1. What helices (runs of 4 or more DSSP H), lying completely within the range 237-278, carry at least 1 residues that are out of contact with any helix residue (DSSP H, G or I) (no Cβ under 8 Å at 6 or more places or on another chain) and over 23 Å from K117 (Cα atoms)?
2. Could you list all residues from the range 76-132 that are hydroxyl-bearing (S, T, Y), surrounded by 12 or more Cβ atoms within 10 Å (Cβ to Cβ) and farther than 30 Å from Y55 by Cβ?
3. Looking at the range 225-261, which of its residues are closer than 30 Å to I131 by Cβ and either in contact with a Ser or Thr (Cβ under 6 Å, 6 or more places away or on another chain) or of a type in the set (D, E) (or both)?
4. Limited to the range 1-48, what total is found for residues that are over 14 Å from A175 (Cα atoms) and outside any helix (DSSP H, G or I)?
5. List every residue pair whose Cβ atoms sit under 9 Å apart, with the two residues 6 or more apart in sequence or on different chains, where the first one lies in the range 171-191 and is touching a residue at least 40 places away in the same chain (Cβ under 8 Å) and open to solvent by less than 80 Å² (accessible area, probe 1.4 Å) and the second, anywhere, is among the β-branched types (V, I, T) and part of a helix (DSSP H, G or I).
6. Please go through the range 32-69 and give me each residue that is over 15 Å from Y80 (Cα atoms), aromatic (F, W, Y) and open to solvent by 60 Å² or more (accessible area, probe 1.4 Å), ordered by number.
7. Have a look at R135, R220, R197, R149 and point out the one that is basic (K, R), open to solvent by less than 80 Å² (accessible area, probe 1.4 Å) and under 25 Å from L16 (Cα atoms).
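The values are calculated or read from the model by the stated rules, or taken from the named source; none is laboratory data. This is a predicted model, so every value here is computed, not measured. Heads up, the Cβs are rebuilt from the backbone with ideal geometry, glycines too, and the neighbour counts pull from every protein chain shown. Protein only, heavy atoms only, side chains kept; ligands, DNA and RNA dropped before computing areas. Shrake-Rupley method; radii C 1.70, N 1.55, O 1.52, S 1.80 Å.
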Amino acid sequence: MKKDVENFIKYLQIELNYSPNTISSYQIELTKYIEYLNKKKVNYLYITKDNVRDYLKHLDQEKYKNSSISKNLSVLRSFYRYLVMQEKISKNIFNSIRNPKLEKKLPNFITELDIEKILNFTNNKNYSCNIYTNRNLLILELLYDTGCRVNELVNIKLNDINIEEKSIKVLGKGAKERIVYFGEYTKETLEKYFEERNFILDGLSTPHLLVSKKGSLTTRRIAQIINEVIEFLAVKNKVTPHTFRHSFATHLLNNGADLRSVQELLGHASLSTTQIYTHVSNERLRNVYLKTHPRK
């Protein structure tokens, strides 16, 4: 099994272009499964529905949340799909196993006013500009303007950008390319950053857009930069790189964008994934109604 798992991980990295964080998550879930099978002396190529049910009972007894069990099942479903592709097995038994029901959590987003405050952090009288100011502002503007995932952002290369059309080619999940767009403010920041990019690199070379003195930026460093800005502004809400993506989708829908367009901009494979944002919009409308209708 070890060899098949190693080949599967390589497949995710090379063929599907999964991020290091996703790869790490898959490895953790597969290790959990391997340990169980070894303990029960079950061959992974000959598992039955009863084996799977026993495994799910085991996870439940270990107090795993439904969300964790669902995540584990998704990984195993993907792994066994790979085994079918490699003709190691003829049928993916996990296709007939349903994920446990989950409570739908509304995505964490921030208001348009908070976004404006964050994107104007350089205008704060207590802020001192430096060589990284335009780079850091560009990170925030791109996350909000494009709705990119943070791993998509760090992988943007210079030749992916069409500055005249204000568009960027990004590589999303499953190695799927899509075009995202940005506005005039971001274009101006991008042009300023281009003038400073070589100074930041200080002799190094990289094809990636976002850089530091060590070369390309990492997703962890971007999260740190956002935290630094949020702490400086004393914004009360929790803000992560993904908060900008949630806010991007929510604000588009609130301002009249159709769901299908938002789906394409986010790079969601299924419309059902995007529909969670309609709950956010509906909740906003409900609050407006409750606050303003005279006979509520």
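1. Result: 259-266, 271-274.
2. Keep residues of the range 76-132 that are hydroxyl-bearing (S, T, Y), which gives 78, 80, 82, 90, 96, 111, 122, 127-128, 132.
Okay, now just the ones that are also surrounded by 12 or more Cβ atoms within 10 Å (Cβ to Cβ), so 78, 80, 82, 111, 122, 127, 132.
Of everything in the range 76-132, those that are hydroxyl-bearing (S, T, Y), surrounded by 12 or more Cβ atoms within 10 Å (Cβ to Cβ) and farther than 30 Å from Y55 by Cβ turn out to be T111, T122, Y127, Y132.
3. Matches in the range 225-261: E228, E231.
4. Matching residues across the range 1-48 total 6.
5. Final answer for the pair search is V180/T146; F182/T146; T186/T146.
6. Within the range 32-69, Y64 is the sole residue that qualifies.
7. Matching residue, one of R135, R220, R197, R149: R149.
For (1) within 25 Å of the chain's Cα centre (by Cα); (2) under 20 Å from N124 (Cα atoms); (3) of a type in the set (K, R), each residue gets a yes or a no:
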position: L201; (1), (2), (3): no, no, no
position: E228; (1), (2), (3): yes, yes, no
position: F232; (1), (2), (3): yes, yes, no
position: K236; (1), (2), (3): yes, yes, yes
